[in-house]
Amino acid sequence: MTTADRLNAMPLGEAMFSQRAIRRFKRDPIPNDVLEDIMQATIRAPNGGNNQQWRFILVRDPEKRDKLAELYHEAWWAKRADAGIMGPEDIPPGKSSMRSAMRMANEIGDAPVMVLVCATAKGAQAMGSVIPSAQNMLLAARAFGVGGTIATLHPVVEERVHALFGIPDNAQVVYCMPLGYPRGEFGSVQRLPLAEVCGVDGWGNNYPG
């Protein structure tokens, strides 16, 4: 059975409409064959000129994962500090998604795999060509009951992350994505009505127009 056959066990529509950000993880390991299928799907993503300017680092070693988790926690709070949020007490009421992200920053080391999605060159063009691979990764993971979410780092930890994983200076880390079996459920997500975010033949002509 091929990777495509195994992924087809879940219809694409079901994967797309039940995928949501998973931020709490069981410590159960992801089997090697499942992880390989996820990554085989990841590298099938569209990318500019088929130049494949990407490199993926699967962080599975517990010691390195713990070190990356510490750096991610520092990076998460550095980003909040940029917005004037210095601690949990500064998070505005009702910001449940931010509190969920804060909890992930505390617990991200529970994920059995953390994936550094890297571009092999710096700049917006290289980064933009790598971004679609993250969605392929999450959709493939969903087909196997594995969850994850898009997460980013912060310049304050960049040099240390590069040193920890031997990432060359001319490359950039685009995402730091945890993967694991969820502590919780997949399900639908809240989205604005299509008419509020989609125009037809112009910005102001709302769908269905």
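In whole percent, how big is the carbon plus sulfur part of the accessible area of the chain, probe 1.4 Å, protein atoms only?
52
With a Förster radius of 25 Å, plug the Cβ-Cβ distance of Leu58 and Glu89 into 1/(1 + (r/R0)^6) and report the FRET value to the nearest 0.05.
Efficiency, rounded to the nearest 0.05: 0.10.
Distance between the C-alpha centers of the stretch 136-153 and the stretch 17-56? Whole Å please.
Cα centres, the stretch 136-153 to the stretch 17-56: 6 Å.
Which label marks the calculated value of Kirkwood radius over Cα pairs in Å, given the options [x] 18.5; [y] 19.3; [z] 17.6?
Matching the structure shown: [x].
Work out how much length Arg44 to Glu14 would gain on full extension: take 0.36 nm times their residue separation and subtract the Cα-Cα distance, in nm to one decimal.
Net length gain for the segment: 8.8 nm.
Ignoring ligands, DNA and RNA, how do Met1, Met86, Met177, Met16 rank by accessible area with a 1.4 Å probe, largest first?
Ranked from most to least accessible, the order is Met1, Met86, Met16, Met177.
For a quick check: with amide H placed at 1.01 Å from N, whose amide H comes under 5 Å from Trp54's, ignoring anything fewer than 5 positions away on the same chain?
Thr120
How much accessible area per residue does the chain have, in Å², with a 1.4 Å probe?
56
Given the DSSP H assignment, sum -39500 (n - 2.57) over each helix run of at least 4 residues in the chain and divide by its residue total; what's the result at 222 nm in deg cm²/dmol, nearest 500?
-13500 deg cm²/dmol
Express the relative contact order of the chain as a whole percentage, based on alpha carbon pairs under 8 Å and six or more residues apart in sequence.
Relative CO of the chain lands at 35 percent.
Can you sort Leu192, Leu35 by solvent-accessible area, 1.4 Å probe, largest first?
Leu192, Leu35
The values are calculated or read from the model by the stated rules, or taken from the named source; none is laboratory data. Since we're looking at a predicted model, the values are computed, not measured. With ideal geometry, Cβ positions are generated from the backbone for all residues, glycine too; neighbour counts draw on all protein chains shown. Keep in mind that these areas ignore ligands, DNA and RNA; they rest on the heavy atoms of the full protein, side chains included. Shrake-Rupley method; radii C 1.70, N 1.55, O 1.52, S 1.80 Å.
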